[in-house]
Every structure is written in structure tokens, then in C-alpha cells.
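In what follows, a structure is listed as C-alpha cells, so that the remarks can point back to it.
The values are calculated or read from the model by the stated rules, or taken from the named source; none is laboratory data. Quantities reported herein were computed from a predicted structural model and do not represent experimental measurements. Every residue, glycine as well, gets a Cβ built from its backbone with ideal geometry; the counts of neighbours run over all protein chains shown.
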2 protein chains.
Amino acid sequence: MIKGSVGTVTTHYYHHSSPLVLESGDTLPSLTIAYETYGKLNRDRNNAILICHALSGDAHIAGFLEGEDKPGWWDAIVGPGKAFDTDRYFIICSNVIGGCKGSTGPSSTNPATGKPYGAKFPVITIQDMVHAQKLLIDNLTIPQLYAVAGGSMGGMQALQWTVSYPDMMKKAIVIAATGYSTPQQIAFNEVGRKAIISDPEWNGGNYYDTKSYDAPGPVKGLALARMVGHITYLSDESMHAKFGRSLQSKDRIGFDFSTDFAVESYLHHQGDTFTQRFDANSYLYITKAIDYFDLTKDGSLVKGLSEVKAGFLVISVSSDWLYPPYQSQEIVSALTANEREVRYSEIRSNYGHDGFLLEAGQVNYLIAQFLSRTVVSDVMIRDVPTIEEGATTAVTARRMINLEVNHLPVLSGDGHLVGIVTSWDIAKAVAKNFLWLDEIMSKNVHTTTPDEPIEAAAKKMEEHSISALPVVDADQRLIGLITSDAISILVGRGNA
Amino acid sequence: MIKGSVGTVTTHYYHHSSPLVLESGDTLPSLTIAYETYGKLNRDRNNAILICHALSGDAHIAGFLEGEDKPGWWDAIVGPGKAFDTDRYFIICSNVIGGCKGSTGPSSTNPATGKPYGAKFPVITIQDMVHAQKLLIDNLTIPQLYAVAGGSMGGMQALQWTVSYPDMMKKAIVIAATGYSTPQQIAFNEVGRKAIISDPEWNGGNYYDTKSYDAPGPVKGLALARMVGHITYLSDESMHAKFGRSLQSKDRIGFDFSTDFAVESYLHHQGDTFTQRFDANSYLYITKAIDYFDLTKDGSLVKGLSEVKAGFLVISVSSDWLYPPYQSQEIVSALTANEREVRYSEIRSNYGHDGFLLEAGQVNYLIAQFLSRTVVSDVMIRDVPTIEEGATTAVTARRMINLEVNHLPVLSGDGHLVGIVTSWDIAKAVAKNFLWLDEIMSKNVHTTTPDEPIEAAAKKMEEHSISALPVVDADQRLIGLITSDAISILVGRGNA
């Protein structure tokens, strides 16, 4: 399997002109959602995976935007042959509302005033972000997502999806996240917000029109917020490994208040560059949404997650002290208490919270393992055209052509599978002048069951050089069909 | 043992009018050190304990200042019957230089200009703080401290003392500290400094003259710095226990940027009140001193601590993530590698770094245990006046009076202890007209050894109703004397 890049990509914009009622009761009169997609949506529209981004992320998750040489933020695990395999899945990533990367947020124009919303933008929640994403998914006419996934705040969104729309996905992947924000997380967020609001340049959120070289907006406050945030994304160990007590461009400590240590210089750089790519008001709104995130119900996460239906993969990072493993374990416990299917892994890593982005090897492996645990029922066609035994070759051929199918399972009068006929068999009939279906159909039919792993079914087809397998129940009644076309997208094996 | 308060106390000021050369090479032309003392310095001046304070601490460690109803910052373990037992020890605590609680710092008047130093104050280090404390200890004419102790930055100072002045203390107590500041610690400090310096009211450090209701100095920046700091002093668990997701004075989240959660309100309060009691420039200078703290030598803490002589107690707090237990363990390992006496305890606590202040029960117990492991050699008098056997009663009496002692061990010609004579025996001689020492001295002499715990020696004296014990080596040669006077101060038993 060659791991590749999705190549050059484009950000799309979905304009939704109807109002979105928010959790607060306020209304967003209209909204735009920036999004990117990679891979192809299959005919059954059931191979779509929505990936949700973290606090400062955006829709650009993989590949390269025109003219840029830095790939998307999770390029390491999204692409051909990677865990989020664009040869198999149709990957969607959209920018959250409240953000500043193309979706409607505080820096967007308020249609009521013609000026940027600023602090007049309504407070949004993780649930609101998810509702907005649902509008996009509906617009893409995807009836059900194959999976929803995300790390950090993206993991919160994935979890919120399974609660808000329990029938909308088969699987959910929640990484380095939590079922509710803790006081320590709220505290760090509040420091960041306070830094921005304390900056005189914030000016009550109205700085868009006045931004200039002299008054560049609340960049000092935003840089500070990012510096604090950045410390929480790293671990004590990783900072040791990366910086130790190394000095920055000097041989000895300076005995002044200029930058002494490399770690200081790094933080300054992180803070400064962040102000060039992020909006201070968006930082306020998104951190507030994170603070509000709480899926417990009557204080119980078990109750809060009682209606979810997806199969789960929950991943934590051993050295993550911002969203520590115990918070992932609480999600796992709540799902288990609700008898939901859940797989849990703690990534061994010294990287801290950032491990979910940096430990691409482990994350790739775990997600690929989880997603490829696809079983036949996940991808089989349920409304299978069939033909009754005793038909003529001509009737059979006409049925195939009309329905544009290449295989027709042959059923007995009482619904049992008795054979299968293909266009190849029709060709045989023409060559040999057979008039009856019974003379050309394969009677020794290979079948599969709904619970069989997709890899096993694929292998069976390959071994027997056949391009479809009827799916039967325990009584040998036909309940579906799985084709190499559908599998080829999932398994990435071409015309197996 | 009744645990009590030291009562009403007063802060003293030591003015040192000579220059102090700093580690940077700069000079502080003169300095003032604010300090408090409790308990009594004994006659041998060997029961003094210096306690060093943390970042925002001061000299007021115990008891009550006139007109205040809040006790000193470590009142829970300093006082009669407490671990730092003021009935036994002479406790000293001084404000660090660079601070703003009475000792010379950036808010002090620069003698060269007659204005506050501000940012012209020289950058100081933990070693400079310790050098300044040494001037105070010298001024108090204390030849050797019984112990030096401290938590957090106070622990760093205690450790620095053992390196800078290895002969100046018998014992050292280092709590929740480290042998060198790590990049994570530096990072949090730098965020705090950046918050202050980014505040326009900081004005390059010159805000003392302009402080007013309208321009209150860099209080926003200082409050932010304190908020960040405060998060690092607590633990995730303790914040859970203290705040959970409780709302502040409201029934539901506000969907706005006012204070929603109790934890936010708490942090705001911590930040705001801090600005009323602390100077922003001092925060810059002291955090810089912490960043610079590094006792490793050629990258090795073993080398850095190779010359220390004190017996150590090292304490960490299990949930402290700012100065995690592993950093205390590194100190212990380095001391052990240098074959120094060291006892290590990890306090089981959910309080985080603040546990060293809040877990008074455990800290009291560990410190009391450690300090009371005093052995006879710690408090014995070494230059003991003696008298040779064969002397007359009159000569013996004159020797006692001249030397102002109440006991004279009697030695044989070859230095062996053969008896002891007291003023009581002289009285007996007068009453009964005995002329020779041999007739009145006690020959069945109770003795002790240098290694005997002080409690055992005290018990022996009590049992036999005697007020002094000769200390002998394995050959019964006299090497010292221990008196109930000396012990009474240490053990707090009055005239045992």
C-alpha cells in the first residue's frame, strides 16, 4: 500500500441562507461553511467520513492548497493508503462556525449592519458547530456518515455528533478529548480570554476596521493566549527533550529581561505567528464553546451517552495532561455501561496533548485497524435485484440490462438462494444457444454472511475470481449483495 | 504538646550599608532586609533555623502583625509545639531581595537617583538572595544555622544555601522544589512576565510615580500572571473537588463573556487581590531568578551538590505537576550519589504544588520527625572545662566560679573520665568539711555518646535527676558535655 498525498486541493464554501437556531436561543440569520473533501463518494453514498478540527484548526486537513507548500494539518493520516484512506473513503472536513477560516464567525460581516459581527456574534456551542456541520452533510446528500472523527475539540464534536444525531454514523473516533470540560481546562481558557480582553487593542471586539500597522488589533493578548495554550499542548518531558535549558543565541544568561532560553523564544514565535493566522474574537468564542461542552446528564456521562449508537474508537495520549487519559477512560466507561461497542487505546507518547497530531504512526495504525474492521453488512447492497429460477435466458438478460447490474442472484419460489447468474453467463448462453437460466447459472454459489469481515469477503472473491458475493442469513435466504466495486473503494485494491 | 501561636509579631529591618556584589557582576550599593524571628536564640547560638519563602511570600511566616487578623503564611507549622517549634528553635524568615515586602527590590528607592529603581534594579539570582540572607545571619551573629528550610522557591534557596555555605547548617529541608528550573517552569514564568510587559501601564517598569486610580500600574498584566501561576499551583483533582463545573451566581450558563464558572471567578479574585499586595516589577525579577536557578555543574546535579554537608530532608507532593516528585527524587539521587545523609518523603495529596502549604499535618509530622532526630553531638558543648583528679575542693570551687559552670567532669591523668563534680557537691564539702575532690565527686558517672538521640540523653538526665551528661567516646575519653539547659530549649521541656 503506497501512502500518498491527496495532492492539490481546494476549499469549498457552502452558503446556507436559512437561519440556524443556536443552543442559546439566538439565531444566526445565515451562514457559510468552508470545507474540503478528498476521495470519492461511492454510489451508495455510505463511505463518507467527517473529520472535525481542534481549536485553531481549519477545513484544510490534507494535501496542498494552490501556491502553498505546507500540507493540511492532519496530512499524515489523511490520504491514499493512510488511515483515512482517500482511496476508500470520502473525507470531509469543515471549519467550525465561530472560527475565522472561512466559516461564519465574529470576523464575518453581520448582514444586519454590513459590518463585522465582532462581539455581537452570538455565543456558540459545540452542539451548534455540529448542527452547522449537519447542514453541510445534508447539502452533500449524504444520508449517513461512515464515521465521524476528531482530536481535542474535534473529538468533542465527534462525541457531540453521536449524541445529537445517533443514527447519522456507523463509527466514531474520539481522540485526546473529554466528555465535559474540567475546571482546569476552563481556567486555562479563561486566562487566554482575559489576556485578549485585557489588551486595550481588543476594544470591545471592534478592531477589524481599525487594524493597521500602528493598531494591529489585540495581537499582544492573542499571542499571550496562544503561549499559555501552547504550554498545555506540550508535556514536561517533550519540553525537556526539545529545549532543556538551552540558551537562545547566547553563550551565557543575559542578566536582563531579553530572551534567555530557547523555550522562551519558541513560545514568542508560537504566539506571534498565531496572531497572523487567527482572529482574537474567534479565540474567545471557540474557547467559550469548549468551556460549555458538557455531555453529562444529571451529572452522569452514562446517562448523557445513553442514546448513542455508533461503534467507538477512543484514543488518549499517555503524557497528555490537558486532556488526560482518565477523561477518555470516562467516555469508555460510560459507553461500556450503555453496552456500546468501544475500543480504547492509550498512545504511549511523551509529546503531551500534541501527541494526537505528532504520533502519526500510532494514530494511523489504530484508526486503520478500527475502520477496516468493516464487516459485510457495513457495505452490502440491501435492495438486490434478483431473478426467479425457471426464467429464460432472454428474460434474465433483459433484467440485467434494465437494472444495469452485472449479477443476479437466482432465488427459489420460497426465497432461498439457489444460484447466481452474470453477464458472462449470458454471453455463454448466446454462444452455446442455451435458452434457460437453469442451464447457465452457477449453482455452486459462494456466499458470505453479514458479520463476515470485509477483508475475508474480499479474499473469497479474489480466490474464486468472482466480482460479487450474495449475502445470506443463517437460513440461506438472500439478504444482500456485496460487490467488488464497493469493496474496491473500501479496500483500495482496484478491481479485485 | 500544646500547639500554639507565636502571638503578635513584628517585622524587623536590617540595613546593610556596604555593597553586595551580585552574581551578574553588578552591585547593589546597599540593602535592607525585612525579617521576623520567633523563639529564643540559645546561649550557644546553635538553635537557629532559617526558613526561606516562595515567589510571593514574605518575612511574616507566623503569628499576627499588629492590627492584622490573618496569621503568617506558614503559621500551621511554625509555633510552640509545631514542627518548627519556637520553644526549641530560633526561627528566622526574611524577605528576599528583589521582592516588595520590605527588602530591597525594584520598588525601593535607588540611592543614585532618589527614585524607585524600577527596571534599573539589577537582575538577581537565587544565589544573590542567599548571599543577602547570609549578611543577615552574620549580623545576628549566628555562627551556624541548625537548619535551613523552604518550599518551592524557598526550597531552591535552602538548596542554594547548602551549596554556597556548606558549613553553615546542620540540616536542610527542601520541599516541592527542584535542582534546576525546567523549560516548562520557565515557559509559565515567561508567560507571566510577558503579560506584565505587554500591559501598556507597565511603561518600561516606570509606574510607581504615576500610579493613581486612573493609572493603577500594570495590574491587568500582573493579575493575568497570577492567574496562570495559580493554575499551576493547583492540581486537576483539587480543582475538580473545589469547583467542578459549578456556576458562579447563576442558574444556567450565560451565553456571553461574563463569568460563568466558579473557577473563573476564583481566578479573577486571585489575580485581582494579588495586584493589591504585590509589585509587578518584583514579579519579573523573582521569576527571572527562578528561571536562572540551576545547581547542575557540567550538566550533573551530582557534581553540583558534591560539596554539600548538611543532612537533608526532601519532600515532594504527589499531585504537584509544577515541581513534580521526580525533580525532588533527582535531588535525592544526587545527594545519595555523594553519600550525603538524606531522607525523602512524597506527601500523598491531591492539592498539587500548594500541598506543601496545605498539607500541614503531613508536613508537620515529617519535619518534626526529621528535626528531632537530633543526636547528642548536634548540641553538645565541645570545649568542656574539666578538672584533674587529685585537686582540692577549694581549687575545684574556684575553677567553677571562674568559668561560670555548674559541672566539672573529673579526668584521670591520661584523659579518661573518672567522675563528675557539681556545685551541689561543693556545698556538701563545705557542710561536711571535705577537703579533697575525691571525697565529694560522683564516681558512678552516667554518660552519653555522640550518636545517642537527644531524647534518650534527656530521658537519662530526667531519670537520674542530673543536669548534665558527659559525652564520651568508645574509649571512655571525654569529648563533650550536654546540659539540660541546652536540651531544654531544644526539647521544650523546661528544666528537665
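Look at residue A:412 and say whether it is at pLDDT below 90 and of a type in the set (Ser, Thr, Tyr).
no
Look through B:320, B:291, B:272 and report the one residue that is outside any helix (DSSP H, G or I), within 13 Å of chain A (Cβ to nearest Cβ) and of a type outside the set (A, V, I, L, M, F, W, C).
Working: B:291 fails: outside any helix (DSSP H, G or I); B:272 fails: outside any helix (DSSP H, G or I).
Just a single option satisfies the conditions, and that option is B:320.
Applying the selection to the range B:241-264, what residues are closer than 14 Å to residue A:185 by Cα and crowded, with 17+ Cβ neighbours inside 10 Å?
Hits for the range B:241-264 are B:243, B:245, B:260, B:261, B:262, B:263, B:264.
Does residue B:284 satisfy the criteria of being more than 14 Å from chain A (Cβ to nearest Cβ) and not acidic (Asp, Glu)? Step through it out loud before you land on a result.
Values: more than 14 Å from chain A (Cβ to nearest Cβ): no; not acidic (Asp, Glu): yes.
Against the criterion (more than 14 Å from chain A (Cβ to nearest Cβ) and not acidic (Asp, Glu)), residue B:284 does not qualify.
State all residues of the range B:239-290 that are small (Gly, Ala, Ser) and in contact (Cβ under 8 Å) with a residue 60 or more places away in the chain; if no residue qualifies, say none. Step through it out loud before you land on a result.
Just the residues of the range B:239-290 that are small (Gly, Ala, Ser), to begin with: B:241, B:244, B:246, B:249, B:254, B:258, B:262, B:265, B:271, B:280, B:282, B:289.
Listed by number, the residues that qualify are B:241, B:280, B:282, B:289.
Identify all residues within the range A:205-241 that are part of a loop (DSSP other than H, G, I, E, B) and within 19 Å of residue A:152 (Cα to Cα); write none if there are none. Let's see the steps before the verdict.
From the range A:205-241, those part of a loop (DSSP other than H, G, I, E, B) are A:206-218, A:234-235; that's our starting set.
Within the range A:205-241, A:234, A:235 qualify.
In this structure, is residue B:279 crowded, with 20+ Cβ neighbours inside 10 Å, more than 8 Å from every other protein chain (Cβ to nearest Cβ) and acidic (Asp, Glu)?
Values: crowded, with 20+ Cβ neighbours inside 10 Å: yes; more than 8 Å from every other protein chain (Cβ to nearest Cβ): yes; acidic (Asp, Glu): yes.
Yes; evaluated as a whole, the condition is true for this residue.
Within the range B:138-170, track down each residue that is part of a loop (DSSP other than H, G, I, E, B), among the hydroxyl-bearing types (Ser, Thr, Tyr) and in contact with a Lys or Arg (Cβ under 9 Å, 6 or more places away or on another chain). Spell out the reasoning first.
Initially, the range B:138-170 is screened for residues part of a loop (DSSP other than H, G, I, E, B), giving B:140-144, B:152, B:165-168.
Within this subset, residues satisfying the condition of being among the hydroxyl-bearing types (Ser, Thr, Tyr) are B:141, B:152, B:165.
Within the range B:138-170, B:141, B:165 meet the criteria.
Of everything in the range B:346-375 that's surrounded by 17 or more Cβ atoms within 10 Å (Cβ to Cβ) and among the charged types (D, E, K, R), which residue is modelled with the highest pLDDT?
Looking at the filtered set, the residue picked out is B:354.
Would you check which residues across the range B:1-28 are within 14 Å of chain A (Cβ to nearest Cβ), among the hydroxyl-bearing types (Ser, Thr, Tyr) and either without any contact (Cβ under 8 Å) to a residue 12 or more places away in the chain or assigned to a loop (DSSP other than H, G, I, E, B) (or both) and list them?
Residues of the range B:1-28 within 14 Å of chain A (Cβ to nearest Cβ): B:21-28.
From what's left, among the hydroxyl-bearing types (Ser, Thr, Tyr): B:24, B:27.
Hit for the range B:1-28 is B:24, nothing else.
Limited to the range A:286-305, what total is found for residues that are over 22 Å from the mean Cα position of the chain (by Cα) and either at pLDDT below 95 or not basic (Lys, Arg) (or both)?
6
Please name all residue pairs, on different chains or six or more residues apart, with Cβ atoms under 7 Å, provided the first residue is in the range A:179-202 and is over 27 Å from residue A:329 (Cβ atoms) and the second residue is small (Gly, Ala, Ser) and part of a loop (DSSP other than H, G, I, E, B).
A:201/A:215; A:201/A:217
Go through the range B:106-127 residue by residue and tally those that are more than 14 Å from chain A (Cβ to nearest Cβ) and either under 23 Å from residue B:159 (Cα atoms) or outside any strand (DSSP E or B) (or both).
We begin by selecting, within the range B:106-127, every residue more than 14 Å from chain A (Cβ to nearest Cβ); these are B:107-116.
Next cut, either under 23 Å from residue B:159 (Cα atoms) or outside any strand (DSSP E or B) (or both) only: B:107-108, B:111-114.
So the answer is 6.
Just checking, how many residues over the range B:294-306 are more than 10 Å from chain A (Cβ to nearest Cβ) and either in contact (Cβ under 8 Å) with a residue 60 or more places away in the chain or not in a helix (DSSP H, G or I) (or both)?
At the first step, the residues of the range B:294-306 found to be more than 10 Å from chain A (Cβ to nearest Cβ) are B:295, B:297-298, B:300-306.
Filter again for either in contact (Cβ under 8 Å) with a residue 60 or more places away in the chain or not in a helix (DSSP H, G or I) (or both), leaving B:295, B:297-298, B:300-301, B:304-306.
Summing the residues that are more than 10 Å from chain A (Cβ to nearest Cβ) and either in contact (Cβ under 8 Å) with a residue 60 or more places away in the chain or not in a helix (DSSP H, G or I) (or both) in the range B:294-306 gives 8.
Could you pull out the residue among B:68, B:36 that is in the same structural domain as residue B:222 (by TED's automatic domain parsing) and not in a loop (DSSP other than H, G, I, E, B)? Write out each step before concluding.
Numbers: B:68 fails: not in a loop (DSSP other than H, G, I, E, B).
Among B:68, B:36, only B:36 is in the same structural domain as residue B:222 (by TED's automatic domain parsing) and not in a loop (DSSP other than H, G, I, E, B).
Restricted to the range B:233-262, and to residues that are farther than 30 Å from residue B:176 by Cβ and not charged (D, E, K, R), which residue is farthest from the other protein chains (Cβ to nearest Cβ)?
Taking the range B:233-262 first, the residues farther than 30 Å from residue B:176 by Cβ are B:247, B:249-260.
If we keep only those that are not charged (D, E, K, R) as well, we get B:247, B:249, B:253-255, B:257-259.
Details: B:247: 11, B:249: 16, B:253: 6, B:254: 8, B:255: 4, B:257: 6, B:258: 11, B:259: 8 Å.
Step by step, filter the range B:233-262, then rank; the result is B:249.
Considering the range B:32-55 alone, what residues qualify as being at positive phi and surrounded by fewer than 21 Cβ atoms within 10 Å (Cβ to Cβ)?
Filtering the range B:32-55 down to residues at positive phi leaves B:39, B:45.
Listed by number, the list holds a single entry, B:45.
Check B:290, B:367, B:286 and return the single one that is under 13 Å from residue B:159 (Cβ atoms), β-branched (Val, Ile, Thr) and in the same structural domain as residue B:55 (by TED's automatic domain parsing).
On the way: B:367 fails: under 13 Å from residue B:159 (Cβ atoms); B:286 fails: under 13 Å from residue B:159 (Cβ atoms).
On inspection, the qualifying residue turns out to be B:290.
In the range A:332-451, which helices (runs of 4 or more DSSP H) lie fully inside it and hold 2 or more residues that are closer than 30 Å to residue A:77 by Cβ and touching an Asp or Glu at 6+ places or on another chain (Cβ under 9 Å)? Let's see the steps before the verdict.
Numbers: elements: A:355-358, A:360-371, A:376-379, A:393-403, A:423-432, A:437-440.
Passing ranges, in order: A:355-358, A:360-371, A:376-379.
Using the structure shown, decide if residue A:135 is closer than 14 Å to residue A:92 by Cα, away from chain B (no Cβ under 11 Å) and in a helix (DSSP H, G or I). Lay out the reasoning, then the answer.
Values: closer than 14 Å to residue A:92 by Cα: yes; away from chain B (no Cβ under 11 Å): yes; in a helix (DSSP H, G or I): yes.
Against the criterion (closer than 14 Å to residue A:92 by Cα, away from chain B (no Cβ under 11 Å) and in a helix (DSSP H, G or I)), residue A:135 qualifies.
Within the range A:176-204, count every residue that is facing chain B (nearest Cβ under 9 Å), in a helix (DSSP H, G or I) and not polar (S, T, N, Q).
Residues that pass the stated criteria total 11.
Under 9 Å by Cβ, and 6 or more places apart or on different chains, what pairs join a residue from the range B:399-421 that is buried (at least 20 other Cβ atoms within 10 Å of the Cβ) with one that is among the acidic types (Asp, Glu)?
B:410/B:388; B:410/B:389; B:410/B:438; B:419/B:389; B:419/B:438
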